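What follows is one structure encoded as structure tokens, with my remarks underneath.
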Amino acid sequence: MSQTDLARFRLRCRQFNWLAIFMVCSVGALLALTNLVGPAMHYLGTASDSYEPRYLVGLIWAVPPICYLTGVWAIGTAMGQLAKGRLIQPTLVVALRRVGLALGIGGVFSVFVMSNLIRMVEGGRGGYLHFDVAGMTLGMIGGALFLLGRVMEQAGRVQAELDEMI
């Protein structure tokens, strides 16, 4: 890789890092606004007393997006590290595992846990599973990324061991 290619790659990594920061901050602010305005109105006395279950349901619905934003943050952090010149293999291992965990937890929560928590809050209404194709897909991709991170970590160890032999 030539110096100009390397500089271009690092510039793109830096740009992606800032894009990830912008996305996490803007979407996180919208999530916070959505889940904080209602409770503030409730405590100020402008909302009805039956608002509390809706507030809890809103918080439950916010868990998967928070997990997904955590994955975006992990990718942005990895790109920032690459922009600073950190080695690709160890950075990629950490990023794959963190992103995989975040996507997997968010997907599993949205399909299996969220619907049951909402049923408990709302007094038994609703189904036992939430048929969310996007959540299922993200959960599977998250699991695969986590496993790929483990494989890459083991490959790095084997490579280091081989390098010591030579």
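The values are calculated or read from the model by the stated rules, or taken from the named source; none is laboratory data. Since we're looking at a predicted model, the values are computed, not measured. Heads up, the Cβs are rebuilt from the backbone with ideal geometry, glycines too, and the neighbour counts pull from every protein chain shown. Calculation scope for accessible area: heavy atoms of the full protein, side chains included, ligands and nucleic acids excluded. Shrake-Rupley method; radii C 1.70, N 1.55, O 1.52, S 1.80 Å.
Observations on the structure shown:
- Backbone HN-Hα couplings from phi across region 58-67 [Karplus 6.51/-1.76/1.60, Hz, Gly and Pro as x]: x, 5, 5, 5, 7, 4, x, x, 5, 4
- Full extension of the segment from Q154 to A134, taken as 0.36 nm per residue of separation minus the current Cα-Cα distance, would add 4.2 nm.
- Applying 1/(1 + (r/R0)^6) with r as the Cβ-Cβ distance of V113 and S2 and R0 = 30 angstrom yields a FRET efficiency of 0.05.
- As a size descriptor, the averaged projected area of the C-alpha convex hull of region 118-166 was calculated at 4.9 nm².
- With θ taken as phi - 60° and the Karplus curve 6.51 cos²θ - 1.76 cosθ + 1.60 applied, the whole-hertz 3J(HN,Hα) list for region 3-16 is 4, 5, 5, 5, 5, 5, 4, 5, 5, 5, 5, 5, 5, 5 Hz, x standing for glycine and proline.
- Kirkwood hydrodynamic radius (C-alpha pairs) into Stokes-Einstein, the chain, 10 °C and 1.306 mPa s, D in µm²/s: 86 µm²/s
- Taking every protein chain into account, the accessible area of region 80-166 amounts to 64 square angstrom per residue (probe 1.4 Å).
- Region 153-166 - phi-based ³J(HN,Hα) in whole Hz, Karplus 6.51/-1.76/1.60, Gly and Pro as x: 5, 5, 5, x, 5, 5, 4, 5, 5, 5, 5, 5, 6, 8
- Helical runs (DSSP H, four residues minimum) scored at -39500 (n - 2.57) apiece and divided by the length of the chain put the mean residue ellipticity at 222 nm at -30000 deg cm²/dmol.
- FRET E, pair L30, I88, Förster distance 22 Å, beta-carbon r, rounded to 0.05: 0.10
- Region 64-166, accessible surface, carbon-and-sulfur percent (1.4 angstrom probe): 71 percent
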